[in-house]
Each structure stands twice: as structure tokens, then as C-alpha cells.
1. Roughly what would the spin-label model give for ASP468 and ASN316, points 7 Å off Cα along C-beta, in nm?
2. Would you kindly state how much longer the chain becomes between THR505 and CYS123 on full extension, computed as 0.36 nm times their sequence separation minus their alpha carbon distance, in nm to one decimal?
3. With respect to the cross-link table entries LYS70/LYS432; LYS116/LYS412; LYS84/LYS428; LYS84/LYS129; LYS75/LYS415, which display a Cα-Cα separation exceeding 22 Å?
4. Go ahead and run the numbers for FRET between ASP263 and THR358, Cβ-Cβ distance against an R0 of 51 Å, rounding to 0.05.
5. What FRET efficiency comes out for LEU107 versus ASP250 if R0 is 51 angstrom and r is the Cβ-Cβ distance? Round to the nearest 0.05.
6. Checking the cross-link filter: which lysines have an alpha carbon closer than 21 Å to that of LYS351, excluding same-chain neighbours under 8 positions apart?
7. How much accessible surface does VAL251 have with a 1.4 Å probe, in Å² rounded to 10?
Amino acid sequence: MSTLWHSYAFLGLLLYALGRQSLAHSPTVIDTVRSQSLFFQTFDNDEWQSRWIHSRDNKYNGRFTTEAVKEWTDKGLKIPEKNKFYGLSALLDAPVDPVVASSPTPLPLVVQYEVKYEDGVTCGGSYLKLLTAEPGFTPEGLVDSTPYSIMFGPDRCGATSKVHLILRHRNPVNGSIAEKHLASPPVPEANDYTHLYTLKIFPDHKYEILVDGGMRSSGSLLDPSTLQPPLLPPRELPDPDDKKPADWVDVAEIPDPDAVKPDDWDDREIIEDEKAVRPRGWLDNEPVLINDPASKRPEEWDEEEDGVWEPKQITNPKCKVGCGPWTRPMKRNPAFKGAWKPPLIKNPAYKGPWVQKTIPNPDFFEVEEPIRSGVGAIGAVALELWTIDSGYIFDNILITRDPAVAEMALKKLWKPRYDAEVKASEAKLKEKERRKEEEAKKKKARKGGRDIVETALSKAFLALFEDDGWLATAAPYVGPLLDFVRENPDALILGVGLGPMLLLTVILLLRGTGSRKTPQKQSTHAPNDAAEEVRPAGGSDAEPVAEVAAGREAEAEPASAPGAEAAEGPEVVPEGDATDGEIDEEPEEQKGPRRRTARAA
């Protein structure tokens, strides 16, 4: 048993070792794609710097860098700065024809690469230029006029957005080179996900443009409507010397000149309202605007320099109903039939459509494979761009003859990256929605608690006005208020909260107003009719029975002689000395003797 167990263990270790060795020597996806490609660049390490060279032209003041961005596990080629021109190119190992002859083996051209707008996109190009193979070209010498064979990729600037497909084609008859643009280019993606752009050109002159693996545009490049100008020139051209005669009539129908509008045809869309009556109180002879009586000419007004001064105009206060000549208002005519037009008849002078004559096209040519014969071989890949943005990222630039290789790069390189970005974005969105829902629940819970209180309070308030309530007799007089409380229970709790606050505010304002006034003091001298008090006989030694209210601070002095103070008489403050019911205080040195109350004799 022990021997059998050791045999199984040994076999397991052997299989594990063989598996590890096989795994170590198995090619990766990148190795497989690279081995079956005409050109492939990943920018994962610094090797790209020896292959891709920046232009030395002074125009290109931007320098690409490499960086690993969000949700990426490797690096990409990045535009790091805004408002820069960038010129970068890499040579192919050997020139590549756009297409291979349809026989014996038809091989298409597939161009594919990834683009990500990490910081968004406002205006800038992110396309590739497949430069024409020329013996003297070096990447350092790249300029904006360097010839290219194919230009492909997205270009966005404001409302203008397109995925370029441009072929630079040479006319074999006259040797001229013209750019053939895709007439109806698809619109590129603008979000911050990584997107994959794929171009396929087949030997039978069919083309396909795919974005993220989905078809966006396809057709035949030989179709005259696909490229502008067409890939193959027309056999004939309109004769520029052939002009339409001045008397040529190409209008097939004309209005009947003998037609007359029927008498019952009403083409008035708006008419006066005959039932309208001038409103009572309308003042025909009053102007709508009058001079503002409060408007006065400024003192510094100079009529010689400033012109005649005119007062400000205001609405006439008498025109509450209306002023000026009254006219009936307009209304839509119920009998309106629309604008009358005479019926059309055949034009007796009609000669038919005029067709311009044609002449043979001197630049016409006819070849079986215009792309292979007219579009130059590809010798380098270039990023010759200008952008006002930063953060454009390029990766996995691929040129191959095998669509299956491009499909492998899509599934194994781009798709996992894209899925990770979408997943991360959805997670952020879900987290945002979760927080939003939690906040809504908390808000609802708080509101629910308030609703319970508001409902209970409103029910208690309304119960006071029911038939058996304390305020039932007042219910008919406060009906609108009760209806409002039934529909808006929260208003009651608001009133309960604000009512005491408003009352307290009024009390504080009233107290503040009273405190600002000087308290009214009574005169320090008793009036004549109250200054003397009747005293009992022999009361010369008696104490004063009463004193003036305002003079209680000073003690009353006993009389030294009967009638002495009576002869002196009480002092009365003149009425004119008081202001607004207040008595002016006298200087401190005069207060003593004048505070004494006169005694009766």
C-alpha cells in the first residue's frame, strides 16, 4: 500500500513539473499577436523608445510619454500636455502593400489600435498615418507634409467628429495625387473608456470600419458615392462651355392665370370681435402716460447743451380700466379657409429638364486594382497630431494580414481592459445610487416622523371645530382656514412654531420703542390746586399729610412758622417748558430748594 502511494505521489510531481515547464515555454497572447503581425507595439517597456522617434522639426513641441492609467495593467503611449503639436513615427521592418493581389491568395490589410481619453476630449486628433515608403525617409524628418498612403482613426473637434478614412491615390494618367475621403464617416466614441478602432481593406476593394468590434461603416471603395472624390474618375465630365439657354423653360406646371378667387372665399385669419363692448369706465380723452409730477428738472441741466428737458412719463392713474381711443379686440376668424391660390395647370411653354452636355474626362483611367496600383506601399506608422487636450492614450497598435489575429487582440487584450473599466464605472455609479437611496430613506424617515406629528396636530386642531368641539360655533366663520389645514397639515406646525416667535418679536419691539423715550416725570412743584393740603387746627407742629409724587425723594421739612411757606406759595412749572409731555430736568444745583412741598397756612 505504501509503495502504491509513493508511486501516485511521484506521478503527480512529474505531471506538475511537466505542466510548469510547458507553461513556461507556452507563448503569451502578445507573443502570438506579434509573431503573426506586420507591425505590433504595446509600449509595455522602454523598448518602444528605440523604435519610435520624435520629429526634430520645431513645430512639434510636444513629447509623448508612457503611463499606466486607471483599470490598465500595463502602460500606454500618452499625450501629457495640452495645446501641443506631436510628431512621432516608427519604421516597419519592410514596406507593406495596402492589399495583396486577389490571386492566388487574397490577403486583406487590417489596421487596429486602442485609444483612451483619460481627461476627456474637446478638440484633437487621435488617428494614425500610415506613411508612404520612401527610401530617404527617417523618423527624425517627419513633417506635416510627409506623404502618407492611408490615414485612419478618430478626430474630434466640437461638433465636427468623424472616424477618418483617407486614401492618397496616384492617377496613373497624369501622375497627380489626390486625397480620397470617406464621404460618410462614422462618429467616434467620446467617453473615457478605452475604445478599439479597426480598419479592414480587402483585395476586392471592400472595406470595413469597426469600433469596439461592432460594424460602423462598410461598402465598396469602387462605388462612386463611397469616397469623395471617387477612387476611379468618371469617364465623362459636364461640358463647362454648355450653358442653359435663357429662354429654356423647365417648369412643368404654372398657376392658372384665368383662375379667380371665389366670392365666398374668406382668407382673413383674424377679424374684429363684433360682440365686444367698451368696458365701463374707459376714458377716451385721457392719455395713457402723463408727466410724473414728482419729476423735477435738475439744477445743473443746461438746455443749450442737454436739450429741452422733459419730465419722466408714468402711467396715468386714472387709466384703471383703460384710456385712449377704444377699439374692438381681434379674434380668430371661424370662416377662415386659408390663403387662396390659383390651381396649377400644365405649362404650355415647358421644354422639359435641361441636361448639360458632357465631354470625355482627360484624366480618366480604368484599372482592375486601383488601390494596389495607386496607393503607395506603407513604410512607417506615425502619430502626427495636434490637440488642445491632454491624456490621450494609445496602445496595441497592430498591422496584420490576418483578421483572426486582430480578433485575438480584441478578445484577449482590449476586451478585458474595457470590461474592467465598465465594471469600475458601474460600481461607482451603484455606490452613488446607493448613497442617494440611503439619503432618500433618511429624508423619508425624518419626513415620516414629521408627518405623524403634523397629522396628529392637525386632527386635534380640526377636532376643536367639529360639532361637539369647543369651537364648533366658530366653524362657519373659519371654513377656508380649516380647508387649508386639511390640505396642508404641515402649515399648522409651521404656524405653531412661528406664532410665538412673531408674538415675542412684537413684544420686544414694543418694549424697545418704549425704552427709547425718556420717562415722564411729575413736576417737582405741586400744582396750585394740589399744592396745599388742609390741616387740622393747631397743626403747625403736624407732619405734612401729602407730598407731590415726583418729589418723594426729598424729605418734607417741618414748618418753622405758621403760614410762612404759604406766603411763599407753590411753584408751578410753566406749560411751555414741557416738550411732548416730558418735563425738562433742572440743573443739579437748583434741585434742592425747589423740591420742598408748600404747606397750607
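1. In this crude spin-label approximation the distance works out to 6.6 nm.
2. Contour length minus Cα-Cα distance gives 131.5 nm.
3. Over 22 Å Cα-Cα: LYS84/LYS428.
4. Values: r = 54 Å, r/R0 = 1.06.
Calculated value: 0.40.
5. Numbers: r = 52 Å, r/R0 = 1.01.
Once the sixth-power term is evaluated, E becomes 0.50.
6. List returned: LYS243, LYS244.
7. Its heavy atoms expose roughly 70 Å² to the probe.
The values are calculated or read from the model by the stated rules, or taken from the named source; none is laboratory data. Please read all numbers here as calculations on a predicted model, not as lab measurements. In this analysis, Cβ positions are derived from the backbone assuming ideal geometry, glycine residues included, and neighbour counts consider all displayed protein chains. With ligands, DNA and RNA removed, areas are computed over all heavy atoms of the protein, side chains included. Shrake-Rupley method; radii C 1.70, N 1.55, O 1.52, S 1.80 Å.
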